[in-house]
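Undergrad: This is the structure, below, for whatever I ask next.
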Amino acid sequence: MNKKIFITGGAGFIGSHVVREFVNKYSDYHIVNIDALTYAGNLENLKDIERKPNYNFIKQDIRDAGGILALFKTHRPDGVIHLAAESHVDRSIATPTDFVMTNVVGTVNLLNAARETWKDNFEGKRFHHVSTDEVYGTLGETGLFTEDTPYDPHSPYSASKASSDHFVRAYQDTYGLPVVITNCSNNYGPNHFPEKLIPLCILHILNNKPLPIYGDGKYTRDWLFVVDHARAIDLVFHQGKNGSSYNIGGFNEWKNIDLVKELCKQMDEKLSRPSGTSEKLITYVKDRPGHDLRYAIDATRINTELGYTPSVTFEEGLSLTIDWFLKNREWLENVTSGNYQQYDAEQYGK
Ligand code: NAD
Ligand code: DAU
């Protein structure tokens, strides 16, 4: 088919798994990974595929409209899978404008470049915007987010992602740009940056540091193994209906405290430490402002329309994730040096 696909944010956590999925599965596609390599972008994540003939990397910031348009004009992609973003809620509370610039303005720059390059002849083209379940706000003790749940974002991060989703839909409605949006639940797995709950706790257990639990620990998230998110993106990119949104999730809710206890149990076993050792590190700390109580995805649409189901259970995925981190201590050391140490000190130092 010889398609050229731009994947933005391909050096990040989820993006690197999406790039790998596409490069390995579609030898007749050419995958161009476009990433600014912020603190969260790491080409080490792609070492195994960097020399494949159907892949190349271009360092480019999506906030730079001219640079983005030039790339579109030169490469004339057939499709875009857009993951580049500032992704961490706590950072968005500290520096919200960065989230507007990358997540909103950066997305609009990509939409403009796609429209301009495709010249309103959209045959065979597709813009896939990768978004989050956080746009729906928070659930109470019951209920699930469906694709029809009204948007109600609470953090600067989720407000910026909701805004970008609206722009993507507006470009479909106004200009006819062929778009799909996916809204996924919390991911976990290899290459997860250790500012997020699961990899942060793995790192802290290895270093015998406190495991910071915000508030009472009863906040609930719905967890999906990152490779299963990449598989879902592949399905929606190829088979999703133009103009549709698809929720992605695995019906896998965990209260934060229960998840961290499960992680402690598995870590103690794998590190041959006496049972209960890691749990002693659990420390309740000041809550996140505007903390959403509960996220839970109804993934019926992607399941029934596209036949999607996750490939691993949570216990298996968590075990694979811990094994990966234990085998890749050098990766952890590399990403936790420099700028990250400063962030970590500011966030948890007190
Ligand atoms: P991440 O922070 O690990 O990676 C983000 C990537 O984007 C990095 O490689 C970074 O270098 C790049 N980037 C950031 N700003 C950029 C800019 N201005 N120009 C070009 N590149 C830039 O994020 P992630 O967790 O892999 O999330 C990827 C996408 O998936 C995001 O859009 C996020 O909103 C969405 N998402 C994440 C989750 C999750 O649980 N992590 C769940 C649902 C949706
Ligand atoms: O729901 C999808 C979203 O999941 C994505 O859109 C975001 O990009 C991604 O970062 C993630 O957001 P969360 O805020 O849910 O993830 P995080 O790992 O930061 O936090 C998970 C839960 O754990 C949340 O309730 C806050 C809590 N937490 C987090 C950290 C970092 C703690 O209790 N202690 C911590 O130190």
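Undergrad: List every residue whose amide H lies under 5 Å from the amide H of Ser244, counting only residues 5 or more places away in sequence or on a different chain, with H placed 1.01 Å from N in the peptide plane.
TA: Ile181
Undergrad: Can you give me the orientation-averaged projected area of the convex hull built on the Cα atoms of the stretch 50-92, in nm²? Don't jump to the answer; show the numbers that get you there.
TA: On the way: hull surface 17.8 nm².
Average projection, Cα convex hull of the stretch 50-92: 4.4 nm².
Undergrad: Between helix 256-270 and the chain, what is the angle of the helix's C-alpha long axis to the longest principal axis, kept within 0 to 90° and rounded to the nearest 10?
TA: Approximately 70 degrees, to the nearest 10.
Undergrad: Take the stretch 182-288, drop everything but the C-alpha atoms, weight them equally and run the Debye formula without solvent; then report log10 I(q)/I(0) at 0.10, 0.11, 0.13 Å⁻¹ to two decimals.
TA: Summing over Cα pairs of the stretch 182-288 leads to -0.35, -0.42, -0.56.
Undergrad: Enter the angle in degrees (range 0 to 90, nearest 10) between the Cα long axis of helix 65-75 and the first principal axis of the Cα atoms of the chain, meaning the one along which they spread out most.
TA: In the chain, helix 65-75 runs at an angle near 70 degrees to the longest axis.
Undergrad: Starting from the stretch 206-285, pick out the trypsin sites (Lys or Arg not before Pro) whose DSSP state is loop and whose Cβ has at most 14 other Cβ atoms within 10 Å.
TA: Values: sites: Lys218, Arg221, Arg231, Lys241, Lys255, Lys261, Lys265, Lys270, Lys280; in loops: Lys218, Lys241.
Those satisfying the criteria are Lys218, Lys241.
Undergrad: In terms of modelled amide H atoms, which long-range or inter-chain residues lie less than 5 Å from the amide H of Leu224?
TA: Those qualifying (amide H under 5 Å, at least 5 residues apart or on another chain) are Asn186, Asn187, Tyr188.
Undergrad: Provide the FRET efficiency to the nearest 0.05 for the Asp323-Asp344 pair, computing r from the beta carbons and using R0 = 22 Å.
TA: Numbers: r = 24 Å, r/R0 = 1.09.
Given R0 = 22 Å and the Cβ-Cβ separation, E is 0.35.
Undergrad: Moving to a separate point now. If each residue of separation counts as 0.36 nm, what is the full-extension length gain between Thr95 and Thr277 once their alpha-carbon separation is subtracted?
TA: Working: separation 182, 0.36 × 182 = 65.52 nm, distance 3.60 nm.
Working it through step by step, the gained length comes to 61.9 nm.
Undergrad: For the stretch 228-240, what does the Karplus curve 6.51 cos²θ - 1.76 cosθ + 1.60, with θ = phi - 60°, yield as ³J(HN,Hα) per residue in whole Hz, taken in order and with x for Gly and Pro?
TA: 6, 5, 4, 5, 5, 4, 4, 4, 5, 4, 8, 10, x
Undergrad: Which three extents, in angstrom, do the Cα atoms of the stretch 19-62 have along their principal axes, listed largest first?
TA: In descending order, the Cα extents are 30, 20, 15 Å.
Undergrad: Output the pairs from Lys4/Lys255; Lys25/Lys261; Lys25/Lys327; Lys25/Lys265 with a Cα-Cα distance over 32 Å in this structure; if there are none, say none. Please report the intermediate quantities before stating the final value.
TA: Numbers: Lys4/Lys255 41 Å; Lys25/Lys261 37 Å; Lys25/Lys327 25 Å; Lys25/Lys265 36 Å.
Checking Cα-Cα distances, Lys4/Lys255; Lys25/Lys261; Lys25/Lys265 exceed 32 Å.
Undergrad: A follow-up question, please. Once phi is turned into θ = phi - 60°, what whole-Hz ³J(HN,Hα) does the Karplus curve with 6.51, -1.76 and 1.60 give for every residue of the stretch 25-37, x standing for Gly and Pro?
TA: Ordered by residue, 3J(HN,Hα) equals 8, 10, 5, 8, 9, 10, 9, 10, 8, 10, 8, 7, 6 Hz.
Undergrad: Could you give me the radius of gyration and the Dmax of the stretch 231-291, taking only the C-alpha atoms into account and expressing both in angstrom?
TA: So, for the stretch 231-291, Rg and Dmax equal 18.7, 53 Å respectively.
Undergrad: Please give the FRET efficiency for Asn207 paired with Asn242, using the beta carbon to beta carbon distance and R0 = 45 Å, rounded to the nearest 0.05.
TA: Details: r = 48 Å, r/R0 = 1.07.
That gives a FRET efficiency of 0.40.
Undergrad: Note down the Stokes-Einstein diffusion coefficient of the stretch 1-91 in µm²/s, whole number, using a Kirkwood radius over alpha carbon pairs, 4 °C, and 1.567 mPa s.
TA: Working: Rh = 13.2 Å.
Result for D is 98 µm²/s.
Undergrad: Can you give the Rg to Rh ratio of the chain, both from alpha-carbon atoms, with Rh computed by the Kirkwood formula?
TA: Numbers: Rg = 19.6 Å, Rh = 20.6 Å.
That ratio is 0.95, to two decimals.
Undergrad: Same structure, new question: In whole Hz, what ³J(HN,Hα) sequence does the stretch 100-106 give by Karplus (6.51, -1.76, 1.60; θ = phi - 60°), x for Gly and Pro?
TA: Ordered by residue, 3J(HN,Hα) equals 5, 5, 7, 6, 9, 5, x Hz.
Undergrad: I would also like to ask the following. Could you work out how far helix 314-327 tilts from the main Cα principal axis of the chain, as a 0 to 90 degree angle to the nearest 10?
TA: Between the helix axis and the principal axis of the chain, the angle is about 80 degrees.
Undergrad: Among bridges DSSP assigns within the stretch 174-283, what percent are antiparallel (round to 5)?
TA: Numbers: 3 of 12 bridges.
Around 25 percent antiparallel, to the nearest 5.
Undergrad: Considering amide H positions built from the backbone, and no H for Pro or chain starts, which residues 5 or more places from Leu211, or on another chain, come under 5 Å of its amide H?
TA: Here Ile282, Thr283 satisfy the definition.
Undergrad: Right, another one. Rounded to two decimals, what is Rg over Rh for the stretch 1-159 when you use alpha-carbon atoms and the Kirkwood radius? Walk me through the intermediate numbers first.
TA: Numbers: Rg = 16.5 Å, Rh = 16.6 Å.
Taking Rg over the Kirkwood Rh, I get 0.99.
Undergrad: Could I ask something else about it? What is the extension gain from Asp48 to Asp152, computed as 0.36 nm multiplied by their sequence separation minus the C-alpha to C-alpha distance, in nm to one decimal?
TA: Details: separation 104, 0.36 × 104 = 37.44 nm, distance 3.98 nm.
Additional length available on full extension: 33.5 nm.
Undergrad: So, one more: Could you work out how much longer the chain between His291 and Glu330 gets when fully extended? Use 0.36 nm per residue separation minus the Cα distance between them, nm to one decimal.
TA: Numbers: separation 39, 0.36 × 39 = 14.04 nm, distance 3.27 nm.
In short, 10.8 nm is gained.
Undergrad: Quick one: if the Förster radius is 45 Å, what FRET efficiency do Tyr214 and Ser27 give, using the C-beta to C-beta distance and rounding to 0.05? Could you put the intermediate results ahead of the total?
TA: Values: r = 45 Å, r/R0 = 0.99.
Computed FRET efficiency for Tyr214 and Ser27: 0.50.
Undergrad: Sticking with this one: Roughly what would the spin-label model give for Ile58 and Thr117, points 7 Å off Cα along C-beta, in nm?
TA: Between Ile58 and Thr117, the simple spin-label model gives 0.6 nm.
Undergrad: Now for a different question. Exceeding 27 Å between C-alpha atoms, which entries from my cross-link table qualify? They are Lys161/Lys270; Lys47/Lys196; Lys161/Lys218.
TA: On the way: Lys161/Lys270 37 Å; Lys47/Lys196 23 Å; Lys161/Lys218 25 Å.
The answer is Lys161/Lys270.
Undergrad: Of the DSSP beta bridges with both residues in the chain, give the percent that are antiparallel, rounding to the nearest 5. Could you put the intermediate results ahead of the total?
TA: On the way: 4 of 41 bridges.
DSSP beta bridges in the chain are roughly 10 percent antiparallel.
Undergrad: Something else now. Return P(r) of the stretch 240-350 (all Cα-Cα pairs; 5 Å bins starting at 0; whole %; ordered from short to long distances).
TA: Over the stretch 240-350, the share of Cα pairs per 5 Å bin runs 2, 8, 12, 14, 18, 18, 14, 8, 5, 1, 0 percent.
We did not get these values from a lab; they are worked out from the coordinates using the rules stated. Note that the coordinates shown come from a computational prediction; the quantities given were computed from them, not determined experimentally. A quick note on method: Cβ atoms are made from the backbone with ideal geometry, for glycine too, and the neighbour counts reach across all protein chains shown.
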